[in-house]
Structures are given as structure tokens and as C-alpha cells.
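Engineer: Sending over a structure as C-alpha cells; questions will come in a sec.
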Amino acid sequence: MAYSSSIEWTDATWNPITGCSKISDGCKHCYAERLSKRLKAMGSQKYINGFEVTTHKEVLSEPLMWKKPRNVFVNSMSDTFHENISDEYILEMFKVMNNAAHHKFQVLTKRSSRLLDLNKRINWTNNIWLGVTVEDSNSLFRIKDLKKTGAIVKFISFEPLLDNLKKLNLDGIHWVIVGGESGAGARIMEKEWVDTIFHEAREKKIPFFFKQWGGVNKKKKGRLYNGQEYSEYPIF
Ligand code: SF4
């Protein structure tokens, strides 16, 4: 668990699961995979299994002990709805989120079918923000799945954005995040692709968070879009 996070749109990460497996094109240069392998090589006990899916029951109750309210990114090193995690363990994580009402939890998944399977068994309190990742037109179905859930706050992370998503419908969505891919082998994100999402978000009055342009050196390209920083959040 990291108490503070370098991820631009959150304050802390909570990882009761580590490890994952690739499910779509957006996973190609998975940051969690690279970091898990590095942490294993550095001798971190938590990452002794590298990028293999592993549960960490010992950190399950940690958010309950954090007194100061935080925005907590859940399972930044995995996918909460991974097929190797039992229903019971997933539901236990959500119970912790329900009980830690002073924090806001951000749950982001690419496994929207599993999410739908469990949707009715989850108590969607308004401190749980639920998001799906959409990287290209093949993953637009995740937005439809997200809309079918009972989550009160729904968001989409378009990162890494790999395509111009012309058939986008953001009705019922409360927040969008856009970002290009970073690091070695990063794929290019065109400005026109960002424009498509920005215009749809503005039309529907949805807060827009522009994370970064990405590239091999993400700091060099920065995070200005049309000459300004967009770090908007929904108010809930
Ligand atoms: S779903 Fe996320 S954590 Fe899992 S392999 Fe893909 S990018 Fe990595």
C-alpha cells in the first residue's frame, strides 16, 4: 500500500490485490506490470510473486485506520474484477469501502462483464466512484456495461487513448479522464482524438481531467490541452 500517490487524479493507493493479466490493447505497456517486476527485483515482500495475481488480506482494513479523508485509488497494481479473485474477496473489499465513508474510493476496471455479474451484490454507497478504461473503439462496450451498474458516481478513463472515438455517448457519466501512453515504446495520442472527447464532455457538462500527452518522456510533453490545464472533478 502506498499512502500517497504520484497518480495525478488521486491522493493514495490501496492494493489488497496485486498482479493482473492482459485483456485488451490498452494493456500492452502495462505500468503495473513493469513496476511489479521492478519491486520484485528490489526484494519487496509484497511483490514476491511479481505480476501474478495475489491477494493481500493484511491490508484489507487499512483505509479504516486512515483518519484524514482521502481520494483512494483501489488496486492501482491490479484489476479489482480479475477472474482469479473470488466473489467473496471482491465483496469484502467493497464492504471496507462502505465502512470507510470518510474516504472517496476510485475503482477502475477493464473487466466490465465481471463487474456486471457482481453489480447487484455490491452496496454502491456514494463514496465509491466506479470507472471503466476505454482505449479504443473495441472497448466502447465497457461504457454500456458501466451505465447498467448501480454506481452513483460513474467515470471513464480514456488512457492510453489509442483511437478517435467518434461514436461516443457520455450520457449518465460524471467524470472523464484522458491521457496518452507514457514510457518506453509509448504509442502516440493525436490531438483530434482528445478533441472528440472534450467536445462531448463539454456538451454534456461533464468534468474533464486531462492527465498528460504521454510519450517516452511524459514530463517533456506536459499536460496542457489547448494551452491550459484541465483538472476538473465531479462534486459529490
Ligand atoms: S487490466 Fe490494467 S493492470 Fe491489468 S494488465 Fe491491463 S493495464 Fe495492467
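Engineer: What is the order of 30, 20, fewest Cβ neighbours within 10 Å to most? Numbers along the way, then the final one.
Structural biologist: Details: 30 15, 20 22.
Fewest-to-most ranking of 30, 20: 30, 20.
Engineer: Longer than 19 Å from Cα to Cα, which of 191/221; 95/147; 46/110 are they? Say none if no pair is. Mind showing how you got there, number by number?
Structural biologist: Details: 191/221 12 Å; 95/147 22 Å; 46/110 23 Å.
Long pairs (Cα-Cα over 19 Å): 95/147; 46/110.
Engineer: Starting at 0 and stepping by 5 Å, how many percent of the alpha carbon pairs of the chain end up in each bin?
Structural biologist: 1, 6, 14, 19, 21, 18, 12, 7, 2, 0
Engineer: So how much slack lies between residue 52 and residue 236, counting 0.36 nm per residue of separation and subtracting their Cα-Cα distance, in nm?
Structural biologist: Numbers: separation 184, 0.36 × 184 = 66.24 nm, distance 3.52 nm.
Extra length available between residue 52 and residue 236 comes to 62.7 nm.
Engineer: Taking Cα centroids, how far is the stretch 184-236 from the stretch 3-81 in Å?
Structural biologist: Between the Cα centres of the stretch 184-236 and the stretch 3-81 lies a distance of 24 Å.
Engineer: Find the relative contact order for the stretch 11-221 and round it to a whole percent, using C-alpha pairs within less than 8 Å whose residues are 6+ positions apart. Numbers along the way, then the final one.
Structural biologist: Working: 411 pairs, mean separation 31.5, N = 211.
With pairs under 8 Å counted, the relative contact order is 15 percent.
The numbers here are math on the coordinates, done by the rules we state, and not lab data. Bear in mind that the values here come from a model prediction, so they are computed numbers and not experimental data. All Cβ positions, glycine included, derive from the backbone under ideal geometry; neighbour counts span all protein chains shown.
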